[in-house]
Number of protein chains: 2
Amino acid sequence: MVDDAGSAARRELLAHLREMLKAVRLLKNDMSTQHPDVPAGTLSVLALIDAMGGEPAAPGCHVKDLAARSSLDPSTVSRAVAAVVRAGLVERTADPHDGRASVLGLTPAGRRSLDDAMAWTDDRLAGALEKWNPEDISVFTALLQRFSADLMSHHHRPLEAAR
Amino acid sequence: MVDDAGSAARRELLAHLREMLKAVRLLKNDMSTQHPDVPAGTLSVLALIDAMGGEPAAPGCHVKDLAARSSLDPSTVSRAVAAVVRAGLVERTADPHDGRASVLGLTPAGRRSLDDAMAWTDDRLAGALEKWNPEDISVFTALLQRFSADLMSHHHRPLEAAR
DNA sequence: GGCCGATAGTTGTATGAGGCAACCATTCCG
DNA sequence: CGGAATGGTTGCCTCATACAACTATCGGCC
């Protein structure tokens, strides 16, 4: 049956997915032990803030936006932001257009930390990929992107869609 | 510079990796809400026990083995195992050759739960991959495997290796 | 122009995963 | 036999995350 072959392929994919999660877990582990200054896990917050117009000119990233982009609960993001603010990596300024919100932006220290962490990660990644040719990397990246997108599009109650 | 191109590619890969982690987080989320019986996260333990000669004939999987294969602390695995044992999904029998250890194996209920969860996951995966042709899937799987392996081989103190 | 629903954010509380260290029980080796 | 190593468990801690309740503000409507 075609279906059986597909299922077997999916089982294998799943197994390697688990393996990848393990690898990522270990990577994060290393990072927190070797890079204790970046409050670990808040790194993604830094990166996100940076990615969303860290410059004051942009409409600014609010906690709400970060939560939306990362699919996390606002409370989670709020705590993470509080942590990086406490650590002096992010600056919170009142939004002139909305008294409820604050605009978030990296401080110089935050940028430095982010750059450090990125450099470290890039090193690790470069090490892991040293035997890959650029084409493989781009193919992998593209497939990864496609996979995440498809997985997410089929997320959240296919119930309503399927029946 | 070639190096710059490589770095850019890695940054992009990293971004999509984050995206994938998000997708997986959401997937797990769905699973725990829609599949509350399988104590969530212990699923990997079930799968591992199954993958390691769940049948009594095999040398049996000890907690130690599970910990090694999953790169988790024995204590973590111990708790997870305790949970599935409590839930009646796994049976613990004394190892005749080693009084300290116990041999773990799925109970019928455990097998059923595992099969259920696998079926559910497979469904999800099938949905996500419905527009993929088998070749893409296998390429993706292979690259994923290679990536995890390379990432892990460069894991944990490249210090000793690099200098 | 003032009130009510919506909205941004924070905080309280809970859960689950994971780690480290201390501890028991056993086993293995000199 | 006795001490070092080994398998496992448990205590305790940290993080990440969620949900719910709450506060403060905004915005539209009468």
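Every number in this text was worked out from the coordinates using simple rules, so none of it is lab data. Given the structure is predicted, the values throughout are model-derived calculations rather than measurements. Every residue, glycine as well, gets a Cβ built from its backbone with ideal geometry; the counts of neighbours run over all protein chains shown.
Explain nothing, just the number: dipole magnitude of the protein assembly as shown about its Cα centre with +1 on each Lys and Arg Cβ and -1 on each Asp and Glu Cβ, in debye rounded to the nearest 20. Each step should come with its number before you reach the end.
On the way: 38 positive and 44 negative charges, 192 e Å.
In total the dipole reaches around 920 debye.
Fully extending the segment from A:ARG112 to A:SER78 would add 10.0 nm, taking 0.36 nm per residue of separation and subtracting the current Cα-Cα distance. What's the center-to-center distance, using Cα atoms, between region B:118-148 and region B:1-45 in Å? Comparing the Cα centres of region B:118-148 and region B:1-45, I get a distance of 14 Å. The dipole here belongs to region B:97-154: it is taken about the Cα centre, uses +1 on the Cβ of Lys and Arg and -1 on the Cβ of Asp and Glu, and is about 240 debye.
Electrostatic bookkeeping for A:SER44 treats Lys and Arg as +1 and Asp and Glu as -1; over the other residues with beta carbon under 12 Å from its beta carbon, the sum is +3.
Using a 10 Å cut-off on Cβ atoms, rank the peptides A:93-99, B:46-52 from the highest mean neighbour count down.
B:46-52, A:93-99
Counting Cβ atoms of other protein chains within 10 Å of each residue's Cβ and taking the mean over peptide A:128-135 gives 4. Look at the stretch A:115-125: the mean tally of other chain Cβ atoms within 10 Å of its residues' Cβ atoms is 3. Size descriptors for region A:18-131, from the alpha-carbon set: Rg then Dmax equal 15.1, 52 Å.
Highest GNM mean-square fluctuation among B:PRO134, B:PRO108, B:PRO74, for chain B modelled with Cα contacts below 10 Å: B:PRO134. Other residues within the sphere of radius under 12 Å centred on the Cβ of A:LEU89, judged by their own Cβ, net out at -1 (K and R +1, D and E -1).
Could you tell me whether the protein assembly as shown comes out rounded, prolate or oblate from its Cα gyration tensor? Rule is a ≥ b ≥ c as square roots of the eigenvalues, rounded for a/c under 1.5, then prolate if a/b exceeds b/c, otherwise oblate. It comes out prolate by the Cα gyration axes. Look at the stretch B:27-35: the mean tally of other chain Cβ atoms within 10 Å of its residues' Cβ atoms is 2.
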